[in-house]
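Here is the structure we will look at, set down as structure tokens.
The values are calculated or read from the model by the stated rules, or taken from the named source; none is laboratory data. Just so you know, these numbers come straight off a predicted model, no measurement behind them. FYI the Cβ positions are ideal-geometry reconstructions off the backbone, even for glycines, and counts take in every protein chain you see.
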Ligand SMILES: *[C@@H]1O[C@H](CO)[C@@H](O)[C@H](O)[C@H]1NC(C)=O
């Protein structure tokens, strides 16, 4: 599912280089990812990190659907932040409340993830609106996410991104990401 992907691509812009040109005052590093499904017959996948250099990782994996994705399929993106090293988390205002998958794809995914996904995956690329998604397997390889679609300023902390689906199958994708300010 695409929404899941959303997050996955959210990982590591560290290795993308050219950061000097970015207005963003922060950078991040992905610490872990995991994925689960409530029914492997319907949909599932796998996600893992690949080490690219000193403490820098990219995300790879796949996501399959054995059914065409119905309009009623819903997703929710929850973003939590911890300022005590991961002991406790509080929900952040950037979270995307439970909404239709296609709505999420036409907004959140399209605005924030799609351009990064183009470079490393066969996740959907579209101009206006996403057409109905048929049963298929998506793969992504060494994905990094550009911070361009994110706020210029983000506070330090450990962020937990959780994407959850509701409907014909419950898929969960979770990533822990550490944000720190750039040092000049
Ligand atoms: C998984 O989905 C299939 C197809 O809809 C269904 O037949 C099966 O009972 C489901 N399994 C579980 C554990 O829900």
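Applying the selection to segment 163-178, what residues are closer than 10 Å to residue 75 by Cα and either more than 16 Å from the ligand (Cβ to nearest atom) or crowded, with 22+ Cβ neighbours inside 10 Å (or both)?
The answer is 163, 164, 165, 171.
So, in segment 50-59, of the ones that are in contact (Cβ under 8 Å) with a residue 60 or more places away in the chain and touching a helix residue (DSSP H, G or I) at 6+ places or on another chain (Cβ under 9 Å), which residue ends up farthest from the ligand (Cβ to nearest atom)?
Among residues in segment 50-59 that are in contact (Cβ under 8 Å) with a residue 60 or more places away in the chain and touching a helix residue (DSSP H, G or I) at 6+ places or on another chain (Cβ under 9 Å), the one farthest from the ligand (Cβ to nearest atom) is 52.
Would you mind telling me which numbered condition in (1) within 16 Å of the ligand (Cβ to nearest atom); (2) surrounded by 14 or more Cβ atoms within 10 Å (Cβ to Cβ) residue 145 fails?
The one condition residue 145 does not meet is (1).
Those residues that are at pLDDT below 90 and surrounded by fewer than 22 Cβ atoms within 10 Å (Cβ to Cβ), I need them from segment 52-79; list them, please.
Of everything in segment 52-79, those that are at pLDDT below 90 and surrounded by fewer than 22 Cβ atoms within 10 Å (Cβ to Cβ) turn out to be 52, 53, 54, 55, 56.
In segment 21-49, which residues are under 15 Å from residue 62 (Cα atoms) and more than 16 Å from the ligand (Cβ to nearest atom)?
Passing the criteria: 33, 34, 35, 46, 47, 48, 49.
With respect to residue 7, determine if the residue is within 12 Å of the chain's Cα centre (by Cα), more than 16 Å from the ligand (Cβ to nearest atom), modelled with pLDDT under 90 and closer than 24 Å to residue 182 by Cα.
Numbers: within 12 Å of the chain's Cα centre (by Cα): yes; more than 16 Å from the ligand (Cβ to nearest atom): yes; modelled with pLDDT under 90: yes; closer than 24 Å to residue 182 by Cα: yes.
Yes: the conditions hold for residue 7.
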